[in-house]
1. Return the average number of partner chain Cβ atoms within 10 angstrom of each residue Cβ along peptide B:57-65.
2. Nearest beta-carbon of A to the rotation axis carrying it onto B: which residue, how many whole Å?
3. Between B:HIS105 and A:GLU143, what is the spin-label point distance in nm, taking each point 7 Å from the Cα along the Cα→C-beta axis?
4. Once the Cβ-Cβ distance between B:ALA74 and B:ASP47 is put in as r, and R0 is 35 Å, what FRET efficiency do you end up with, to the nearest 0.05?
5. Whole angstrom only: what separates the Cα centroid of the stretch D:16-90 from the Cα centroid of the stretch B:69-119?
6. Could you name the lysines in cross-link range of A:LYS121, using Cα to Cα under 20 Å and dropping any fewer than eight places away on the same chain?
7. Shortest first and in nm with one decimal, please list how far the A:THR132 label point sits from its counterparts in the other copies (point 7 Å along Cα→Cβ).
8. For an R0 of 56 angstrom, estimate the FRET efficiency from the Cβ-Cβ distance between B:ALA26 and D:ALA48 and round to the nearest 0.05.
Amino acid sequence: MTPVDHVQVQETDFSVAAEYERLTAANTEDGAVVTFVGRMRDYNQGDRVQSLFLEHYPGMTERALQALVTEARARWRLGRVAIIHRVGRLVPADQIVWVGVTSPHRGEAFAAAEYLMDALKTRAPFWKKEQTEQAERWVEARETDEQRARRWEP
Amino acid sequence: MTPVDHVQVQETDFSVAAEYERLTAANTEDGAVVTFVGRMRDYNQGDRVQSLFLEHYPGMTERALQALVTEARARWRLGRVAIIHRVGRLVPADQIVWVGVTSPHRGEAFAAAEYLMDALKTRAPFWKKEQTEQAERWVEARETDEQRARRWEP
Amino acid sequence: MTSAAEPSTAAVTVLFFARLREELPQPRLHWPWSEAGTVNELRRDIAAQGNDWAALTEDLLVAVNQEMAGPEQTVKPGDEVAFFPPVTGG
Amino acid sequence: MTSAAEPSTAAVTVLFFARLREELPQPRLHWPWSEAGTVNELRRDIAAQGNDWAALTEDLLVAVNQEMAGPEQTVKPGDEVAFFPPVTGG
């Protein structure tokens, strides 16, 4: 089976059912499928968040995500890998990001999916601006995300 | 939101779309959703496998799975947790097991999902019998699964 | 002396699964057990019947009343005790 | 002196994103750049315009031709250089 990557930046929502199908259709080699969905929460730092605007760097974003997939494939034996990240305006409970990984081995599928999310959080050019009841504000990067990403360094 | 567990042992298939919906419907607190699907492979130890029979210990199985969920909840802050495991006869590419975990934090969702799979592999009373082109054989437990499970010991 | 016996409070129910179930002469039995003893004592008593029963070796996993148990765990009359090979689900 | 200039081989395209884009007087500019220099030299040149441009501090992230770059990476005429705050996707 040829490795298949699916990397997509889009304003529209994605379907978990359709994306799961993309990972598994005609795939009898990979016993393990790990998926992550990041969803918009209605609270952040103690404030109710009404909506979110996701800005990105068109052109670089797709390259950065593809580079993360290539790195993951160099570290683990993976079948199919998918990353979808939404941009534009989102409201609470909206899906933001999808990461899906298949592998013959569950340990590699789990590691690769978590690696992709940790690396994406610190290296893919997305920025969130929140609208709370009081104001608009840019979301600050979190040191915990940096720490999580550093765990994967050689 | 009251924690909701869904633990099920069944002969019938499960729907990834429906199970994802069960984890996320009316859930605006949990930004992270990690799922694992274990699927039947068509090869094992170099032989083409035609079908698989999954035996279990009725009564104990559900208790054992529920106990794993309870342990995971004691270790991580989790929203909704689901485990579905099929029994009976399966063919290649069939879905065998579903683990789904939601949490406000992606690190906890990833850890809990992987923990549940590692613990299930060594502590839930399921046994696989494979039918290859040559013969029937009971699948042997793997030392790598034991090693993975021991990583979580205190 | 065991398989035909009806369950009673002076016995334990013993179950076998998977490969073990196929290797032993019967998939379950009611074994006389009037006082407390350990899992390991029960296992040795049953294995002492000889022949195919010798497959009941100490490397098997054990559950008492549907919870995993060690070889020194106490077995009381009325308990359900299961012996099985390492599990292979998932 | 910069924003009205058309792109040419003797300049670089500079992009700003997110909070930084809002704080600076303009979201992109073409900056004269006839020889090779480092990311950090480019940043200091632009920040030296003063006022709001002082927001172009050295703790920002940088990409050169759409790949992450360090402060000492070389910038050549024709390159696309982007400055932005730490990313917050996912």
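1. 4
2. It is A:ALA17, 2, counting Cβ atoms only.
3. A separation of 1.5 nm, rounded to one decimal place.
4. 0.30
5. Centre-to-centre distance over Cα atoms comes out at 44 Å.
6. Cross-link targets: A:LYS129.
7. 6.2
8. 0.55
Every number in this text was worked out from the coordinates using simple rules, so none of it is lab data. Just so it is clear, the model here is predicted, and its values are computed rather than measured. Don't worry about glycine lacking a Cβ; one is built from the backbone with ideal geometry, like all the others, and counts go over all protein chains shown.
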